[in-house]
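Asker: Supplied in structure tokens, the structure appears directly below.
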Amino acid sequence: MQFDVFLVFLITTAVVVFTPGAAAVAVAAQGAANGGKRALAGVFGIAFANAIYFVFSATGIASLLVASNLVFSIIKWAGVTYLVWLGLTSLLAPAGALSVKRDKQLSSLKSLFAKGFVIEFANPKALLYFAAILPQFLNVEQPILPQILIMGGVTFLIDLTSYTAYAFLGDRLTREGVKNWIVSLFNKCAGGALLYAGIRMAGVTMPR
């Protein structure tokens, strides 16, 4: 892989990952409710989901999933349903599934990992990115495996860096002793952001 191609790949991936979305909101809420260190479990869940999609892309499975209307629809609507559920419980329930308030009883690491994994794996935009965009950076005239390993490793590190930052941002929000009305407002904003993400996700269609 030529350096200029790698640089474009690096910038593209960084922009996509660092742009706030459902996963960023969720992991920030985990950091606020459970602490930044424990929220790393959710961060690894997100990164692991992307790693699976990356493997799918490398083996051509992602293209097959995108080509299958049924499988693509299942992934999309599962993601939409989960995001809408998280958003509504955050907006309507005093202590919903997503809450940026330090909980007295912390969530298990397994639960945090699973939530991060499900939110990212059920995101059809992630599937489309790894199926349609990443292959464009591969040079078929050079050995494919080293390119895949480099790109996969870089993507994994960018995921960890980005979502760890969001996790500790949420952690700091509650550590600073923010007033209850600010926490409540942030909860509502987070719930609204997830609902918006769910609505946008419902409009995602397969490439023609």
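Asker: Which of the residues that make up region 134-154 are surrounded by 14 or more Cβ atoms within 10 Å (Cβ to Cβ) and modelled with pLDDT under 90?
Answerer: Once the filter is applied, which keeps residues that are surrounded by 14 or more Cβ atoms within 10 Å (Cβ to Cβ) and modelled with pLDDT under 90, region 134-154 yields 134, 135, 137, 138, 147, 148, 151, 152.
Asker: Return a yes/no flag: does region 39-58 have any residue that is over 14 Å from residue 160 (Cα atoms), open to solvent by 70 Å² or more (accessible area, probe 1.4 Å) and at pLDDT below 80.
Answerer: no
Asker: What do you reckon, is residue 119 modelled with pLDDT of 85 or more and closer than 19 Å to residue 32 by Cβ?
Answerer: Yes: the conditions hold for residue 119.
Asker: State which residue pairs qualify: first residue of a type in the set (Val, Ile, Thr) and inside region 29-44, second residue part of a helix (DSSP H, G or I) and open to solvent by 10 Å² or more (accessible area, probe 1.4 Å) in any location, beta carbons under 7 Å apart, and separation of 6 or more residues or different chains.
Answerer: Filtered contacts from region 29-44: 43/160; 43/163; 43/164.
The values are calculated or read from the model by the stated rules, or taken from the named source; none is laboratory data. The structure presented is a predicted model; accordingly, all values stated were derived computationally and were not measured. Note that we place each Cβ from the backbone using ideal geometry, even for glycine, and neighbour counts take in every protein chain shown. What goes into the accessible areas is simple: the full protein's heavy atoms, side chains included, and nothing from ligands, DNA or RNA. Shrake-Rupley method; radii C 1.70, N 1.55, O 1.52, S 1.80 Å.
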